[in-house]
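Before any comments, here is the structure.
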Amino acid sequence: MPIRLGTLTLLFLAATAFAGTSNSLLDVHPDGSKLAVANTDSGTVTVIDLKARKKLAEFPCGDHPEGVTWAGGSNTILATVWGDDRVIFYDADKGHQFTLKVDDEPYGIVSTADGKFAYVTHDYPGTVSEIDVVARKVVRTFPVGKFARGLALSRDEKTLYVTEFFTATLVAVDRATGKVTDTWPGYDSDNLARQVTLHPTRPKAYITHIRSRITAFDAAGSIFPQITMCDLWEKPKEEKRRRSIALDTFNGVRVPTNSWETALSPDGKLAYTVYSGTNEMNLSEVVDDDYRELKRKGGLIPVGKHPRAVRTSPTGHEVYIYNTLDFEVTVYDANMKRLDGVKVCDPPHTAEWRRGKELFQTALPPMGGGRTIGWVACSSCHPDGVTDGRTWQNPEGNRKTPNLFGLAHTHPLHWSADRDESQDFEYTIRGVLMRGRGLATDRLKQGKEFEPVALDQKCAGLSKDLDAMAVYTNSFPVRLSPHAAGPGKLTAEAERGKKLFESAATKCATCHTGPYYTDSSLKAKPFNRHDVGTGGDAREKMGPKYDTPTLLGVYRMPNFLHDGRAKTLHEVFTTFNQGDKHGATSHLKPAEVDDLVAFVKSLPYEVPPEETPNTVPHFTKGMRYPRPEDKK
């Protein structure tokens, strides 16, 4: 752990030890000649000639590439493929490609300067893998924290810095031992940290993320953009090692949405921060005072649609921003004067799906409006279809944000089953949470407080935009669980749990039934809801009966039940199942509870059908991206 040894020693350490590569969808070759681009929705990686500013090559890599890096100064590109659990090696000169199976959900990736080793964060289960690039194999995997995404390597290559997605906590990992050596915990409201970058000459880390204020159900007070600076040396306990800048006040109470990533110039004097929800960025001076940290240069700068990555050239003379819904990398000079743009891939999927994603990701009109334009996007709570890990104090009661996996097949919606179409979220867009004008012009039926009037309102077909957003929200596929023994296979422990789950004694399969493990159905009203003994909270206005959630992918939830009160699946079956209202489990022995948990965590262990009798019309087929082994 670095310590304060005196001013001269500290300056020496800062100048020689604290900087390095960090994870991103973009990576510039060390000689500045080429740019590698991970195209998440297209499932490809593109290589750009930066001198000629043209695309050199594009190669397929699979389901949702989320990180890319050059292996040192070589012409080998490494890309993480989040949905396929693999890392792709690509020779940019010869076009050769190699696939390496890795741990589940690889996200960020960085390389050592000599290109001999690469490091990968795994979103779930929260590990880092070390890859021997020459031997093309994983040599170590070590735990670093929950839901690890952001990753940076110090200049002396002795320390890895990792961010937790749901907490924005920063951890330092000793590269030699794989042990966590230091931690910079965030506030309870810190959320959705995807990336970390290091200052090139000072012991400082920068984390771009949001704050989720779960007590506020209003666009003007629930979601805030944030950038956090962590001091990477050991300070006296009375001194703060972590401080944040609220990027709404930073911009004169002008709120940019979904702060995504920050890059620093090679000399450490400039910072570039992109906001994916309002298509903007900030150019800032880096202040060397351990207090103000950043000084804004001018106002918010408009860029392209849905910027998700920013990088600078090795000279600092050029800046590259990946506007992912323009499918273009835009080239700027250091002061953000636009120089050029390079198309990186063809638009994926259908035009309707792409329009739906554009609406889902933005906080601009018609999704946001009035004095709260730019505050909240759908993706602020449902980033790329996953949960934000939060339980919100909604007017109707405490509600945990669910994943959207398999949504097209598990209607009705909400924990209280008070919506039967994805298009019913027109009520949310026009309501106080988003305050937008909406995607349709028709008047909506209104009722008394907490009355499920959306069930009587036909929203499908009211507008093309509303149907497009439904197509997008219904498109998130279910991927196989890493806890299964293989496609269609269970471990011995999970096999025992399956028998318990399906037994008449526990009755678990009475409600969690069918290929999506839910009895949710649009066949008849009133919809199926159940009192499982969790609706007695004083804030609850619509309980005590709730819709049955799907169990597919439940293994990667950070908490459980409608209000997130259970922190583990064991608590679901024990602590919070008093009276056996949520299945009869009180008679089970501890080992049997373990077996039951093992089975639930293994779901899905086989690919569910793409259509069922409950599948809604507005969904896109072929979005599942089957893994190679599924095709055998």
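The values are calculated or read from the model by the stated rules, or taken from the named source; none is laboratory data. Predicted model, so just to flag it, every value in this text is computed and none were measured. Cβ atoms come from the backbone with ideal geometry, glycine included; neighbour counts cover every protein chain shown.
The listed residues are THR518, THR510, and the only one of them that is farther than 19 Å from GLU571 by Cα, surrounded by fewer than 20 Cβ atoms within 10 Å (Cβ to Cβ) and modelled with pLDDT of 95 or more turns out to be THR510. For region 512-525, how many residues are in contact (Cβ under 8 Å) with a residue 40 or more places away in the chain and either touching a Ser or Thr at 6+ places or on another chain (Cβ under 6 Å) or not hydroxyl-bearing (Ser, Thr, Tyr) (or both)? Qualifying residue count, region 512-525: 9. Checking the stated criteria, ARG479 turns out not to satisfy the condition of being within 30 Å of the chain's Cα centre (by Cα), assigned to a loop (DSSP other than H, G, I, E, B), basic (Lys, Arg) and farther than 20 Å from TYR555 by Cα. With the structure loaded, tell me whether ARG496 is touching a residue at least 12 places away in the same chain (Cβ under 8 Å) and not in a loop (DSSP other than H, G, I, E, B) or whether it fails that test. When the stated conditions are applied, ARG496 passes them. Taken together, the residues in region 18-40 that are modelled with pLDDT under 95 and not aliphatic (A, V, I, L, M) amount to 3. Looking only at residues that are in a loop (DSSP other than H, G, I, E, B) and among the hydrophobic types (A, V, I, L, M, F, W, C) in region 435-460, which one is surrounded by the fewest Cβ atoms within 10 Å (Cβ to Cβ)? For region 435-460, the residue satisfying everything is PHE450. For region 528-540, the criterion of being crowded, with 16+ Cβ neighbours inside 10 Å, under 24 Å from VAL607 (Cβ atoms), in the same structural domain as ASN398 (by TED's automatic domain parsing) and out of contact with any Ser or Thr (no Cβ under 7 Å at 6 or more places or on another chain) is satisfied by no residue at all. For region 319-329, the condition holds for at least one residue, the condition being that it is among the aromatic types (Phe, Trp, Tyr) and more than 19 Å from PRO256 (Cβ to Cβ). Restricting attention to region 251-278, the residues that are within 20 Å of VAL310 (Cα to Cα), part of a loop (DSSP other than H, G, I, E, B) and in contact (Cβ under 8 Å) with a residue 24 or more places away in the chain add up to 12. Note on region 225-250: among residues that are touching an Asp or Glu at 6+ places or on another chain (Cβ under 9 Å) and in a loop (DSSP other than H, G, I, E, B), the one that is surrounded by the most Cβ atoms within 10 Å (Cβ to Cβ) is LEU232. With the requirement that a residue be surrounded by 22 or more Cβ atoms within 10 Å (Cβ to Cβ), in a loop (DSSP other than H, G, I, E, B) and either touching a Pro at 6+ places or on another chain (Cβ under 7 Å) or of a type in the set (A, V, I, L, M, F, W, C) (or both), what does region 301-323 give you? Passing the criteria: only VAL303. Among the residues of region 156-172, are any surrounded by fewer than 20 Cβ atoms within 10 Å (Cβ to Cβ), out of contact with any Leu (no Cβ under 8 Å at 6 or more places or on another chain), in the same structural domain as LYS237 (by TED's automatic domain parsing) and within 20 Å of VAL68 (Cα to Cα)? Scanning region 156-172 turns up at least one residue that is surrounded by fewer than 20 Cβ atoms within 10 Å (Cβ to Cβ), out of contact with any Leu (no Cβ under 8 Å at 6 or more places or on another chain), in the same structural domain as LYS237 (by TED's automatic domain parsing) and within 20 Å of VAL68 (Cα to Cα).
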